[in-house]
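The values are calculated or read from the model by the stated rules, or taken from the named source; none is laboratory data. Keep in mind that what you see is a predicted model, and the values were worked out from it rather than measured. No Cβ is skipped: glycine too gets one built from the backbone with ideal geometry, and neighbour counts run over all protein chains shown. Each accessible area value is taken on the protein alone, full model and side chains, heavy atoms only, with ligands, DNA and RNA left out. Shrake-Rupley method; radii C 1.70, N 1.55, O 1.52, S 1.80 Å.
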Amino acid sequence: MPEPKAETIAARISRVLAERIIAGSIDPGSRLRQDHVAAEFDASHVPVREAFRRLEAQGLAVSEPRRGVRVAAFDLAEVREVAEMRAALEVLALEHAAPNLTKTILDRAEAVTRAGDNSADVAMWEAANRLFHRTLLAPCNMPRLLAAIDDLHAKSARFLFASWRSTWEVRTDHDHLAILAALRSGNVEEACAVLGRHARWIGQRPVRTATGQTRKMFNIVG
């Protein structure tokens with residue numbers, strides 16, 4: 001069998017920067033300085049420029065004439081778009097997954113969400129939340145649909161981390177429990193209705209940026 005290709009320098013740079021952007025450690029609107037990035041990764045400007053293009057393709061960075069490359073900012077309209085897309089696609093996936101959901105799968109999903117309720121920080125909660133949704137939706141056996149949903153969850157994570165990077169409030173996800181209760185009783189229509197409302201819910205928090213400014217950040221906590 002052929003050896004897997006090693007990660008290129010450009011791919012590594014874009015992956016690391018994407019992880020930082022999604023985690024909220026780089027503020028929306030911050031400039032990505034080519035010289036600084038090249039020095040950090042001990043690379044020439046060529047792979048850095050390629051990495052920036054990859055970030056732009058992912059919607060994580062924007063190139064502005066005479067201003068260089070900046071981390072893409074997001075507003076309420078973008079958060080709403082992602083929420084609406086998630087609601088539509090996840091409901092579709094659940095409709096197709098429902099006939100394949102077993103007691104074992106539902107028990108696993110419940111264990112995941114209850115573990116998420118006790119998360120010590122936002123990263124732990126987001127991972128548990130994503131796993132809960134993936135556990136219920138994976139049995140739809142529609143890989144393209146699941147890939148699209150995974151991409152939307154990554155965007156949701158960026159909104160969430162930007163709002164909750166310094167603090168976290170322990171919570172019980174009652175929507176998750178309601179979805180499971182409806183599925184256990186065979187009421188797929190109710191489960192889909194709750195899931196749709198759940199994915200559309202948008203929260204907001206005032207957040208202090210690295211530059212000392214306070215801005216209102218919107219997020220999808222679902």
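Assorted remarks:
- From the list THR135, THR102, the lone residue that is surrounded by 15 or more Cβ atoms within 10 Å (Cβ to Cβ), at pLDDT 90 or above and either on the phi < 0 side of the Ramachandran plot or in contact with a His (Cβ under 8 Å, 6 or more places away or on another chain) (or both) is THR135.
- Among all residues of the range 149-168, there is at least one that is surrounded by 15 or more Cβ atoms within 10 Å (Cβ to Cβ), in contact with a helix residue (DSSP H, G or I) (Cβ under 8 Å, 6 or more places away or on another chain), closer than 30 Å to SER30 by Cα and at pLDDT 95 or above.
Yes or no, residue by residue, for (1) in contact with a His (Cβ under 9 Å, 6 or more places away or on another chain); (2) hydroxyl-bearing (Ser, Thr, Tyr); (3) under 19 Å from PHE161 (Cα atoms); (4) not in a helix (DSSP H, G or I):
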residue	(1), (2), (3), (4)
ILE22	no, no, yes, no
ASP27	no, no, yes, yes
ALA38	yes, no, no, no
ASP42	no, no, no, yes
ARG49	no, no, no, no
ARG53	no, no, no, no
GLU56	no, no, no, no
GLY59	no, no, yes, yes
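- Test: residue in the range 193-211 that is in a helix (DSSP H, G or I), of a type in the set (Lys, Arg), open to solvent by less than 50 Å² (accessible area, probe 1.4 Å) and modelled with pLDDT of 70 or more: no
- Filter pass, PHE74 being surrounded by 13 or more Cβ atoms within 10 Å (Cβ to Cβ), aromatic (Phe, Trp, Tyr) and modelled with pLDDT under 90: yes
- For the range 5-29, the set of residues classified as at pLDDT below 80, open to solvent by 30 Å² or more (accessible area, probe 1.4 Å) and not aliphatic (A, V, I, L, M) consists of LYS5, GLU7, SER25, listed by residue number.
- Those helices (runs of 4 or more DSSP H) of the range 72-150 in which at least 2 residues are touching a residue at least 60 places away in the same chain (Cβ under 8 Å) and under 22 Å from GLY59 (Cα atoms), considering only elements entirely within it, cover 76-97.
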